[in-house]
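Comments concern the structure below.
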Amino acid sequence: MNKKLVAALSGGAALVLALTGCGGDDGDDSKKKVESWAEKVCNGAQPQLKKIKDANAAIQGAADEPDSLKLQRTDSVAFQQISDAYRALGTLVKDVGAPPVDGGDKSQTDAVKELNATSRAYADLKKTVDELDTKNKSKFAEGLNGIAEQLDKLSKSGDGALKRLQEGKVGEAMAKQQGCKRVNTGASAPSVTTNEPAGESS
């Protein structure tokens, strides 16, 4: 029953600060300031990225869980963990300050708003899964499908500000930081996207 949630996670719900870019030296006098900012963000983000990765792994690990109550608890805890991590990332970006580049203030403000909005979205998903009827497997499966749809939409939107925060010199500096090396925070099993029957007999 949890396979659709895993499929939705594989859409990239948690690409935050997972960078692949690699920039060369440009001789800019401000480079050290940018790299210092990037180091603070990347080092501070690492624990939160691990929480997101672990939560996604928990959801993926429960893909074939037949017990509705256990599945509900697993997803609920995972969504809360992801929500907390995004909120902490928002606080981190706010506390570190704006990146020392043109337009840095706006990039920072937009990214913080985005991270906080994503945190609230996952908190809403937790509330929704908590309210599902675990005694009726068919209704429970239907409810999970609805959550998967919300998760899929969440994974495809809401990261524009984060991408802008990571553009240009800032992105190049972040890509060099060990703490921002790409972390696979989502599921990596596209094979789970096949639809299954909605219900099981109790």
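The values are calculated or read from the model by the stated rules, or taken from the named source; none is laboratory data. This structure is a prediction, so every number in the text was calculated from the model and none was measured. Glycine also receives a Cβ, built like all others from the backbone with ideal geometry; neighbour counts cover every protein chain displayed. Keep in mind that these areas ignore ligands, DNA and RNA; they rest on the heavy atoms of the full protein, side chains included. Shrake-Rupley method; radii C 1.70, N 1.55, O 1.52, S 1.80 Å.
Can you sort Asp105, Asp130 by solvent-accessible area, 1.4 Å probe, largest first? Show your work: numbers first, answer last.
Details: Asp105 110, Asp130 70 Å².
From most exposed to least exposed: Asp105, Asp130.
Please compare each pair in Lys3/Lys126; Lys53/Lys176; Lys3/Lys50 to a cut-off of 19 Å on the Cα-Cα distance and tell me which ones are over it. Can you show the working numbers first?
Details: Lys3/Lys126 17 Å; Lys53/Lys176 21 Å; Lys3/Lys50 22 Å.
The pairs that break the limit, which is 19 Å between Cα atoms, are Lys53/Lys176; Lys3/Lys50.
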By how many nm would the segment from Asp102 to Lys50 grow when fully extended, if each residue of separation counts as 0.36 nm and the alpha-carbon distance is taken off? 15.7 nm
Excluding ligands and nucleic acids, what accessible area in Å² is computed for Thr128 using a 1.4 Å probe, to the nearest 10? 50
Checking the table Lys33/Lys156; Lys4/Lys137; Lys32/Lys113; Lys33/Lys106 against a 25 Å threshold on Cα-Cα, which pairs fail? Lys33/Lys156; Lys32/Lys113
Inter-label distance for Asp133 and Asn145, nm, one decimal - labels placed 7 Å from Cα along Cα-to-Cβ: 1.6
